[in-house]
Amino acid sequence: MTNAALFVRLEAKPGKEKEVENLLRNGLESVEGEPGTTSWYAIRLGFSTFGIFDTFPDDVSRQRHLTGELAKTLMAKSSQLLVHSPTIEKADVLAVKLPEEEPAY
């Protein structure tokens with residue numbers, strides 16, 4: 001069950017857009033190792049605006065994710081890459097549709 005979510009908004013400094021994009025693309029590897037992260041999306045909302053949307057089964061998993069490797073990297077590099085600190089919003093998931101698992105043959 002997916003009950004908790006995060007939406008993180010990132011605004012790249014001028015000229016740092018590609019670095020933010022690469023940081024997010026490379027972040028997939030670290031979140032794949034998080035068993036409590038149900039889904040994770042790195043998104044681009046505009047030329048310099050990016051986001052992360054991820055979901056979790058519970059608040060404990062959400063809190064654990066906020067202290068994970070990607071979060072540490074993002075916070076360490078935020079002053080170099082971002083106009084301001086990431087905006088992190090917690091959300092409750094009201095409904096979800098996930099792909100059905102393929103049957104094993």
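The values are calculated or read from the model by the stated rules, or taken from the named source; none is laboratory data. What you see is a predicted model, and the numbers here were worked out from it, not measured in a lab. Please note: Cβ atoms are built from the backbone with ideal geometry, for glycine as well, and neighbour counts cover all protein chains shown. Ligands, DNA and RNA are stripped out before the accessible areas are found, and what is left, the full protein with its side chains, is counted by its heavy atoms. Shrake-Rupley method; radii C 1.70, N 1.55, O 1.52, S 1.80 Å.
Where does each of GLU100, GLU11 land when they are ordered by accessible area, with a 1.4 Å probe and the largest first?
Numbers: GLU100 165, GLU11 50 Å².
Correct descending sequence by accessible area is GLU100, GLU11.
Filter LYS13/LYS77; LYS16/LYS90; LYS18/LYS72; LYS16/LYS77 down to the pairs with a C-alpha to C-alpha distance above 21 Å, please. Can you show the working numbers first?
Details: LYS13/LYS77 12 Å; LYS16/LYS90 26 Å; LYS18/LYS72 19 Å; LYS16/LYS77 11 Å.
Pairs exceeding 21 Å: LYS16/LYS90.
Once you put a point 7 Å from the Cα of LEU45 and another 7 Å from the Cα of ASP92, both along the Cβ direction, what distance in nm separates them?
Taking the simple label geometry, LEU45 and ASP92 are separated by 2.3 nm.
Enumerate the residues in segment 4-22 having an amide nitrogen under 11 Å from the point lying 7 Å beyond the Cα of VAL83 toward its Cβ.
Inside the label zone: 10-14.
Taking +1 at the Cβ of each Lys and Arg and -1 at the Cβ of each Asp and Glu, which of MET75, GLY46, PRO14 sits farthest along the dipole of the chain towards its positive end, judged by Cα position relative to the Cα centre?
PRO14
Would you please name the chymotrypsin sites (Phe, Trp or Tyr not before Pro) within segment 1-63 that are DSSP coil residues with at most 15 other C-beta atoms within 10 Å of their C-beta? Don't skip to the answer; put the middle values down first.
On the way: sites: PHE7, TRP40, TYR41, PHE47, PHE50, PHE53; in loops: PHE47.
For chymotrypsin sites (Phe, Trp or Tyr not before Pro) across segment 1-63 that sit outside H, G, I, E and B with at most 15 neighbouring Cβ atoms in 10 Å, the list reads PHE47.
Round to the nearest 10 and give me the degree value, 0 to 90, for the angle of helix 17-32's Cα axis relative to the longest principal axis of the chain.
Roughly 30 degrees between the two axes.
Counting only protein heavy atoms and using a 1.4 Å probe, what share of the accessible area of segment 1-101 belongs to carbon plus sulfur, as a whole percent? The partial results should precede the final answer.
Numbers: 3480 of 6390 Å².
Carbon and sulfur: 54 percent of the exposed surface of segment 1-101.
Considering the chain as a Gaussian network with a 10 Å cut-off on Cα pairs, which listed residue, LEU23, LEU45, LEU70, attains the greatest mean-square fluctuation?
Sorting by GNM fluctuation, first place goes to LEU45.
Suppose every K and R has +1 on its Cβ and every D and E has -1 on its Cβ; what is the size of the dipole of the chain about the Cα centre, in Debye to the nearest 20?
560 debye
I want the local charge near VAL93. Using Cβ-Cβ distances under 12 Å, sum +1 for each Lys or Arg and -1 for each Asp or Glu among the other residues. Don't skip to the answer; put the middle values down first.
Working: positive: ARG62, LYS90, LYS97; negative: ASP54, ASP58, ASP59, ASP92.
Around VAL93, the surrounding residues sum to -1.
For the chain, take the longest principal axis of its alpha carbons; what is the angle in degrees between that and the long axis of helix 69-81, to the nearest 10 within 0 to 90?
Taking Cα atoms only, the helix is inclined about 20 degrees.
Considering the chain as a Gaussian network with a 10 Å cut-off on Cα pairs, which listed residue, GLY51, GLY68, GLY36, attains the greatest mean-square fluctuation?
Residue with maximal mean-square fluctuation among GLY51, GLY68, GLY36: GLY68.
Can you tell me the accessible area per residue over segment 19-90, all protein chains present, probe 1.4 angstrom, in square angstrom?
Working: 4200 Å² over 72 residues.
Per residue, segment 19-90 has an accessible area of 58 Å².
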